[in-house]
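Take a look at the structure set out below.
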Amino acid sequence: MPHVLTINVGSRVEFDQADIGHTGIGKRPVAGPVDVRAPGPRGVGGSGVAGDHISDTRHHGGDDQAVYAYAREDLDAWSADLGRDLPPGLFGENLTTVGVDVCGALVGERWRIGGLLLQATSPRIPCRTFAGVMEERAWAKTFTRRGLPGTYFRVLEPGTIAAGDEIAVEDRPDHDVTIALAFRALTLEPELLPRLLRAAEYLPRDLRRRVERRVVDPA
């Protein structure tokens with residue numbers, strides 16, 4: 001049964017490899033139920049998960065990145081490659097999942113977790129802070145080549161969730177743009193960018209505009 005393995009939240013910690021000198025990326029599982037809601041626009045709102053800290057609200061968080069999910073199966077694949085254990089939350093994910101293809105989710109796909117309703121918006125693009133936390137040589141390039149970015153979600157209906165809650169894919173849009181494809185288009189394969197416009201109505205507004213500009217004027 002697809003379910004939430006852990007719900008992870010982060011606290012502010014000083015970190016000199018972060019652009020602003022601190023971060024909340026290193027998240028840890030929490031016990032008990034957690035409230036999830038739309039946090040507000042980027043720059044104003046942070047995480048949608050109660051108790052979770054986001055330091056750089058200029059580039060992270062907000063309604064279109066309210067919740068970040070990563071599959072335990074993909075963490076296990078990374079663990080095998082890197083030769084070390086990767087605990088839930090290390091990648092900065094709020095939800096570590098089991099039994100659901102996170103990167104295969106369609107842009108605009110809806111997940112029901114208890115009373116909470118989420119909608120997939122975009123892939124995670126690796127940043128300098130993530131590379132610093134991982135302490136792996138050329139981590140951003142390695143992560144990008146693997147093409148397993150995890151998925152950001154917006155909150156359509158707020159709710160309270162707990163570890164072990166079932167994940168039900170409630171709706172899949174009528175297009176073929178997966179989170180993994182969007183990631184490839186935005187990183188190593190810009191020739192795929194026109195395909196993202198098939199899912200334009202579900203993309204974050206700033207990302208949609210950026211894609212539209214690059215498709216019209218690739219230079």
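Structure notes:
- Built amide H within the under 5 Å cut-off of residue 5, gap 5+: 96, 97, 98, 164
- The chain has equivalent-ellipsoid semi-axes of 24, 21, 18 Å, by the square roots of 5 times the alpha carbon gyration tensor eigenvalues, sorted largest first.
- Summed side-chain charge close to residue 157 - residues other than residue 157 whose Cβ falls under 10 Å, Lys, Arg +1, Asp, Glu -1: +3
- Estimated dipole of the range 3-174 in Debye, rounded to 20 [Cβ of Lys and Arg +1, of Asp and Glu -1, Cα centre]: 360
- Cα shape, the range 122-219, gyration tensor, a/c 1.5 rule: oblate
- Structural descriptor for the range 3-174: relative contact order 30 percent, calculated from alpha carbon pairs under 8 angstrom and at least 6 residues apart.
Only the coordinates and a few stated rules stand behind these numbers; no lab work does. These numbers come from a predicted model, not from an experiment. Cβ: placed from backbone, ideal geometry, glycine included. Neighbour counts: every protein chain shown.
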